[in-house]
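Reading through the structure tokens given below for one structure.
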Amino acid sequence: MSDQATASPAPSADSDALLVECAVAGDQRAYELLVIKYQRRIERLIGRMVRDVDLVPDIAQETFIRAWRALHQFRGDAQFYTWLYRIAVNTAKKSLMELKRDPVMTESALQSAADDDDETSRHENALTSESTPESELAAREIAAAVNAAMEALPEDLRQAVTLREIEGLSYEEIADAMNCPIGTVRSRIFRAREAISAKVKPLLSHQTGKRW
Amino acid sequence: MWIVDSETVVEMKTQIESDMDRDTVSALMDGRLRGAELSSAMQTMQRAEACERWHVYHVIGDVLRSPELAAGARDAEFMHRLRARLAAEATPAVRAPAEPLVVPGADRPAANDGVFRWKMVAGLASFAAVAALGWGVLGGIGPQPSSMQLVKAQPVAPMSGSAAEPVVLRDPHLDELLAAHRAATGASALGGSAGFLRNATFEGQGR
């Protein structure tokens, strides 16, 4: 995913570093953009560490608050998400230890505990720790919409966004691969995102306000 | 001939600006913006619709890389709670110094720097004297200048300093010895002449 030595550094890492710089300078919105970007991945990570789905958003909140407090210590020598990942893991572990000392069983955790002896509920427990059937269905719909929108894209737009989002190439590398100017790359990626966004946004709007 | 009314012009202008804003969000996402363009983009991102677009673009990217990340719509409540907590926190830059490991004033000369220099010169002169004596005792080849002559005969360079400070004749050879001593001890030579004598003894044994 990293660029060649003469090209720009890894773009995602570069954009994160820029946002961190703005955030440290006092731009809270810059930090919120990072939260929006990584919230799903962090919650998925936490959801695999803690059993109780109700605890995930609280631990995620705590993770982002801790990251905010320590943001001035982020040197940029590692990727921001790697740094955030470690904070999330430590925060989740701390929460689990606190739960052991002073267990507070939520309703979903109680239900999970009651089903512990039932082998057939193992899958359901796994489902419970990460998502609900409703959210699973919504996720499948969104994934299907993204795939369908990708298939419907003109070849040049599909290729540009694939090289960017999946292969992680820089604009310079994509321009080289597609034999076009960098400005054209930027335009194609933007138009591809717009076209897919038009199909996906209504599904996300339908989900707005729901936990998962 | 096309006749366009003012409302259409305004609509077209709004559409163009909207497209530019969306392109800005896309470019910001890919780390392509710098300087004025970046500043302008951060202004754009203050708007809710720009944030929404940021979210949708990232969902698209996440889903393309890992379909299971399709779960998890933007949780307005989560962000609302987080904003409230962030508002109660100090900004990261205010909370702590940026470089806690930097020794304050390390790049400024110490108040006793002039005195220290005199002590260094005295110590090195002692070392040079002992070295010269030792050389004489061991019967070095060629003329054996006295220690004072040894110091005076070397080309000197005036030490930079303020007009109020006395000018000290510096011996480049002594400067080299000083640098080597600092490298060896990693500290000041405030151990006095005893440290130099130990070094001289070590030097003597090494020959």
(request) May I ask you to compute the full-extension gain from residue B:2 to residue B:19, defined as 0.36 nm times their residue separation minus their alpha-carbon distance, rounded to one decimal in nm? (result) 3.8 nm
(message) Taking beta carbons within 10 Å but only from partner chains, what does the mean come to for residues A:178-190?
(response) 2
(message) Let's test the formula: R0 of 25 Å, r as the Cβ-Cβ distance of residue A:144 and residue A:166. What FRET efficiency results, to the nearest 0.05?
(response) 0.90
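Estimate the FRET efficiency between residue B:84 and residue B:34 by the formula 1/(1 + (r/R0)^6), using the beta-carbon distance for r and 41 Å for R0, to the nearest 0.05.
0.80
Just so you know, all these numbers are worked out from the coordinates, no wet-lab data involved. Everything numeric here is computed off the predicted structure, so don't read it as measured data. Counting neighbours? That spans all protein chains shown, and the Cβs are built from the backbone with ideal geometry, glycine included.
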